[in-house]
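Data first, discussion second: the structure below is written as structure tokens.
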Amino acid sequence: MKRLMALFRSVLEESGAFCGVSTINDYKTVVDRVENEGLSFLTITLPTFSAELEKALKNEKVGSASFPGFAKRGCLPEFLSGFTRLIFDLRTGQLLLVPNIQAIRCVRQITLLFKRIELECTKERTAQAYAKYMQCEKDIRQHDTSYIGSALQTDFRKAARMMFMDLFCNIENNLYAQNMTPKHSKGSTADRLIGNDKYRQLEWPMRLQNVVPWDSALLPSPRWSAEDYPVILLEPGQERPVRVIPVPKTLKTPRLIAMEPTCMQYVQQGILRLFDEQGPLCHTYWSLCQNVHQEPNQRSAKQGSSKNDLATLDLSEASDRVSYQHVRDLLYDHPLLTEFVDACRSRKADVPGYGVIRLAKFASMGSSLCFPFEAMVFATICLMGCAAARAVSLDPHFIKKMRGKVRVYGDDIIVPVDCAITVKSFLESFGYQVNSSKSFWTGKFRESCGKEYYDGVDVSIVRVRREFPQYRMDVDELVSTVELHNHFYEAGWFSTAEHIKQAIKNCKVPEIPYGVSSVIGFWDYSPSLKVKWHPTLHKPLIKALQKDSYQPPNGVDGVLALMKFFVERGLVDPLPQRAYERSGRARNARIKTGWYEAR
């Protein structure tokens with residue numbers, strides 16, 4: 001806790017130096033409140049200050065009820081008043097004609113520094129997250145009752161047909177030609193199989209068997225039969241449910257994800273591979289939905305902040321609110337793809353405290369198909385809303401006109417400003433909740449895909465992810481802290497970066513050239529390097545750190561090794577021998593010093 005407070009003080013003081021204001025009283029306020037409220041003041045209360053700032057920037061005024069929990073002098077809070085006076089008028093609370101953008105960035109950096117630190121939530125907050133998960137299920141079922149058979153459903157099907165027909169037809173052609181190759185992901189599964197153990201899966205649902213026979217999916221050749229690989233075919237009532245578990249997000253609430261059964265995840269990854277291959281060939285899909293690249297959304301957010309022509313929308317509990325009925329309507333004219341998607345979709349979930357439930361949602365985070373399908377559902381609704389806002393029919397000409405103006409990356413949405421309110425209304429009519437505090441269509445602040453801008457200027461901040469390491473053997477903490485130093489250094493917070501360097505000097509982390517990401521070290525524009533030449537190749541090597549992890553022995557041979565070769569061919573070609581001998585998440589890791597190529 002002392003080292004976190006020391007880091008906070010360094011950030012606060014350097015922020016004051018940037019803006020020419022005193023931060024002595026601000027630090028005293030933080031010390032007093034941390035003594036009374038504990039770490040939750042830094043991780044939960046302070047981030048609400050930033051949320052109020054963003055709300056005031058959106059409204060271009062500080063309201064009378066703004067900044068609850070912080071004493072006020074005039075219209076502005078006393079805490080960080082030196083910064084806020086550079087942004088708003090003390091007497092009226094109105095946004096200044098020329099607000100200090102550096103002050104905006106500093107307030108956000110100070111208040112959001114510890115929001116994403118990976119610490120375990122209390123049992124009460126985790127229980128609340130599970131209760132929200134169950135409430136989402138009730139909301140979806142209630143919405144489906146009024147949605148099915150309505151004009152809204154008909155309009156959604158028509159819009160989806162125009163937008164994604166080419167993509168879905170191409171994928172169906174590949175499915176019909178049996179060009180879908182399943183593959184395993186690196187994630188954990190409901191049946192607790194890891195690494196090469198996934199090639200020994202012995203469960204296969206009957207409804208999956210109807211579209212992807214297990215012998216063609218699990219065996220490399222018809223030469224092998226059920227006698228060589230005994231698989232249990234599961235009836236729908238015997239299928240393994242997904243396991244819903246919490247993972248760190250903030251101390252206020254954890255993120256709930258669902259661990260899919262290995263067999264489901266295996267086929268989901270195969271269908272996802274087809275989307276990745278066919279997506280770039282379909283211009284409408286690729287211009288609206290991005291599953292890999294966040295940069296288009298970030299560029300659009302920057303443009304919207306400076307020109308005020310594009311709005312950014314954010315959805316609450318987006319993945320958990322995507323109804324399976326919406327996905328079925330999305331695929332309404334494509335029965336073969338619908339059959340494949342339905343076959344590899346888990347229908348039940350094991351929710352702690354609630355038992356096994358039947359799912360109305362399409363899938364929770366953890367399903368390989370959750371992200372692309374939620375993006376397509378949201379993109380369809382957004383274009384419907386844009387057409388309604390501009391009082392035109394949704395046709396191919398209008399869809400082409402909206403390219404570059406409507407973008408969806410997961411639940412991060414970009415739409416034209418003049419359509420934002422109507423799009424928000426359409427999303428809510430489909431049962432989704434627009435997070436008003438993180439959605440911006442007025443003012444000059446925009447936020448999308450981890451980047452924030454004000455009037456075209458990047459005001460993104462650096463976040464602490466883990467506590468500082470005590471010793472060099474605290475590998476994850478050491479790697480995270482070195483990354484924290486490098487992010488501050490890159491952002492121009494040199495005093496804070498130096499503070500981090502001194503705080504863990506006992507770990508003896510060397511300096512490396514700025515921008516090098518292949519090894520671990522403190523970035524520096526003019527580092528004092530130890531350099532030598534490669535013994536056989538004409539290239540320099542620098543002395544740096546690297547994370548060395550040990551995967552547990554978990555080998556495959558014979559038919560299973562051959563199957564792994566075919567499944568992963570083209571992803572890593574050729575596979576190293578080690579991949580057939582060891583696999584799974586590393587149990588032990590260490591930091592070692594050596595001579596490495598800088599790149």
Residues of the stretch 126-141 being surrounded by fewer than 17 Cβ atoms within 10 Å (Cβ to Cβ) and in contact with a Gly (Cβ under 8 Å, 6 or more places away or on another chain), in sequence order, are 127
- request: Please tell me if residue 57 is in contact with a helix residue (DSSP H, G or I) (Cβ under 6 Å, 6 or more places away or on another chain), modelled with pLDDT of 95 or more and crowded, with 18+ Cβ neighbours inside 10 Å.
  value: no
Practice problem: Might you let me know whether the stretch 142-163 holds any residue that is in the same structural domain as residue 341 (by TED's automatic domain parsing), buried (at least 16 other Cβ atoms within 10 Å of the Cβ) and not in a helix (DSSP H, G or I)? | Solution: no
Given (1) under 30 Å from residue 197 (Cα atoms); (2) in contact with a Gly (Cβ under 7 Å, 6 or more places away or on another chain), residue 270 misses just (2)
Residues of the stretch 30-50 being surrounded by fewer than 16 Cβ atoms within 10 Å (Cβ to Cβ) and either under 23 Å from residue 492 (Cβ atoms) or touching a residue at least 24 places away in the same chain (Cβ under 8 Å) (or both), in sequence order, are 31, 39, 40
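Among the listed residues 488, 566, identify the single one that is aromatic (Phe, Trp, Tyr), farther than 16 Å from residue 593 by Cβ and in contact (Cβ under 8 Å) with a residue 40 or more places away in the chain.
Working: 488 fails: in contact (Cβ under 8 Å) with a residue 40 or more places away in the chain.
Checking each option against the conditions leaves just 566.
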Exception for residue 84 within (1) surrounded by 18 or more Cβ atoms within 10 Å (Cβ to Cβ); (2) of a type in the set (S, T, N, Q); (3) farther than 26 Å from residue 435 by Cα falls at (3)
Checked against (1) farther than 15 Å from residue 111 by Cα; (2) in a helix (DSSP H, G or I); (3) not charged (D, E, K, R), residue 63 satisfies every condition except (2)
Next on the checklist: Yes or no: the stretch 491-510 includes at least one residue that is under 19 Å from residue 108 (Cα atoms) and under 24 Å from the mean Cα position of the chain (by Cα).
Outcome noted: yes
In the stretch 534-565, residues that are surrounded by 13 or more Cβ atoms within 10 Å (Cβ to Cβ) and either under 22 Å from residue 267 (Cα atoms) or β-branched (Val, Ile, Thr) (or both) total 9
Selection over the stretch 455-485 where residues are of a type outside the set (Ser, Thr, Tyr) and closer than 21 Å to residue 100 by Cα yields a count of 7
Considering the stretch 190-245, residues that are assigned to a helix (DSSP H, G or I) and of a type in the set (D, E, K, R), and then whichever is nearest to residue 349 (Cα to Cα), we arrive at 207
Taking the stretch 419-456 and the residues there that are assigned to a strand (DSSP E or B) and of a type in the set (Lys, Arg), the one that is farthest from residue 310 (Cα to Cα) would be 451
Note on the stretch 52-85: residues more than 28 Å from residue 306 (Cβ to Cβ) and aromatic (Phe, Trp, Tyr) are 70, 79
(1) closer than 19 Å to residue 103 by Cβ; (2) assigned by TED's automatic domain parsing to the domain that holds residue 378; (3) part of a helix (DSSP H, G or I); (4) not polar (S, T, N, Q) all hold for residue 488 apart from (2)
Filter the stretch 403-454 for residues that are within 18 Å of residue 385 (Cβ to Cβ) and either of a type in the set (Asp, Glu) or free of Cβ contacts under 8 Å to residues at least 24 places away in the same chain (or both); the one that is surrounded by the most Cβ atoms within 10 Å (Cβ to Cβ) is 412
* To do: Examine the stretch 344-356 for a residue that is touching a strand residue (DSSP E or B) at 6+ places or on another chain (Cβ under 8 Å), of a type in the set (A, V, I, L, M, F, W, C), surrounded by fewer than 16 Cβ atoms within 10 Å (Cβ to Cβ) and on the phi < 0 side of the Ramachandran plot, and state whether such a residue exists.
  => yes
(1) surrounded by fewer than 17 Cβ atoms within 10 Å (Cβ to Cβ); (2) in contact with a Pro (Cβ under 8 Å, 6 or more places away or on another chain); (3) of a type in the set (D, E, K, R) all hold for residue 592 apart from (2)
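Within the stretch 188-225, which residues are within 27 Å of the chain's Cα centre (by Cα) and touching a residue at least 24 places away in the same chain (Cβ under 8 Å)?
Selection gives 188, 189, 190, 191, 193, 194, 195, 196, 198.
For (1) outside the structural domain of residue 448 (by TED's automatic domain parsing); (2) of a type outside the set (Phe, Trp, Tyr); (3) buried (at least 23 other Cβ atoms within 10 Å of the Cβ); (4) part of a strand (DSSP E or B), each residue gets a yes or a no:
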| site | (1), (2), (3), (4) |
| --- | --- |
| 256 | no, yes, yes, yes |
| 265 | no, yes, yes, no |
| 268 | no, yes, yes, no |
| 274 | no, yes, no, no |
| 280 | no, yes, no, no |
| 292 | no, yes, no, no |
| 300 | no, yes, yes, no |
| 305 | no, yes, yes, no |
Look at residue 392 and say whether it is over 18 Å from the mean Cα position of the chain (by Cα), more than 30 Å from residue 505 (Cα to Cα), surrounded by fewer than 15 Cβ atoms within 10 Å (Cβ to Cβ) and among the aliphatic types (A, V, I, L, M).
yes
Within the stretch 518-533, residues free of Cβ contacts under 8 Å to residues at least 60 places away in the same chain and surrounded by 11 or more Cβ atoms within 10 Å (Cβ to Cβ) come out as 521, 522, 523, 524, 527, 529, 530, 533
Only one of 395, 342 is at pLDDT below 95 and over 21 Å from residue 290 (Cα atoms), namely 395
Taking the conditions exactly as written (out of contact with any strand residue (DSSP E or B) (no Cβ under 6 Å at 6 or more places or on another chain), within 23 Å of residue 365 (Cβ to Cβ) and aliphatic (A, V, I, L, M)), does residue 167 satisfy them or not?
yes
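The values are calculated or read from the model by the stated rules, or taken from the named source; none is laboratory data. No experiment lies behind these values; they were computed from the predicted model shown. Heads up, the Cβs are rebuilt from the backbone with ideal geometry, glycines too, and the neighbour counts pull from every protein chain shown.
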